[in-house]
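Taking it in order: structure first as C-alpha cells, then the write-up.
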Amino acid sequence: MTKSISCKDAGKDCSWSASSTTNNEEELMAMAKEHVLAEHKEIELSPENIANIKSLIKVTKRFWWWG
C-alpha cells in the first residue's frame, strides 16, 4: 500500500508530490508541511488547513503481480 499527496490534488499549479510506501501518514504530513512552509507561504498551517491537507492523502493498493 502506498500513500501519496500532491499540490495538484489541492488545485495548486505546482508539480510537488510525495509518497510513502511505509504507510506512515505522519512522515507524509511532515513532508507536506515542510513543502507548504517553503513554497506556499500564503497558506497558514492552522488545524483546519492541516486537516484539509490530510484529507487529500490518497491510498493506492498494490497487488503482488504489479510489482
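Note on segment 10-22: residues that are out of contact with any strand residue (DSSP E or B) (no Cβ under 7 Å at 6 or more places or on another chain), of a type outside the set (A, V, I, L, M) and over 18 Å from Lys61 (Cβ atoms) amount to 5.
Can you tell me how many residues within segment 30-43 are closer than 17 Å to Gly11 by Cβ and either surrounded by fewer than 13 Cβ atoms within 10 Å (Cβ to Cβ) or out of contact with any Lys or Arg (no Cβ under 8 Å at 6 or more places or on another chain) (or both)?
Just the residues of segment 30-43 that are closer than 17 Å to Gly11 by Cβ, to begin with: 32, 35-36, 39-40, 42-43.
Narrowing further to those that are either surrounded by fewer than 13 Cβ atoms within 10 Å (Cβ to Cβ) or out of contact with any Lys or Arg (no Cβ under 8 Å at 6 or more places or on another chain) (or both): 32, 35-36, 39, 42-43.
Here the count works out to 6.
The residues in segment 8-26 that are surrounded by 13 or more Cβ atoms within 10 Å (Cβ to Cβ) and among the acidic types (Asp, Glu) can be counted, and the count is 2.
Among the residues of segment 23-41, those that are more than 13 Å from Val59 (Cβ to Cβ) and not in a helix (DSSP H, G or I) comprise His40, Lys41.
Taken over segment 1-22, residues that are assigned to a strand (DSSP E or B) and hydroxyl-bearing (Ser, Thr, Tyr) amount to 6.
Bear in mind that the values in this text are calculations on the coordinates, not laboratory data. Everything numeric here is computed off the predicted structure, so don't read it as measured data. Ideal geometry is used to build each Cβ from the backbone, glycine not excepted, and the neighbour counts take in all protein chains shown.
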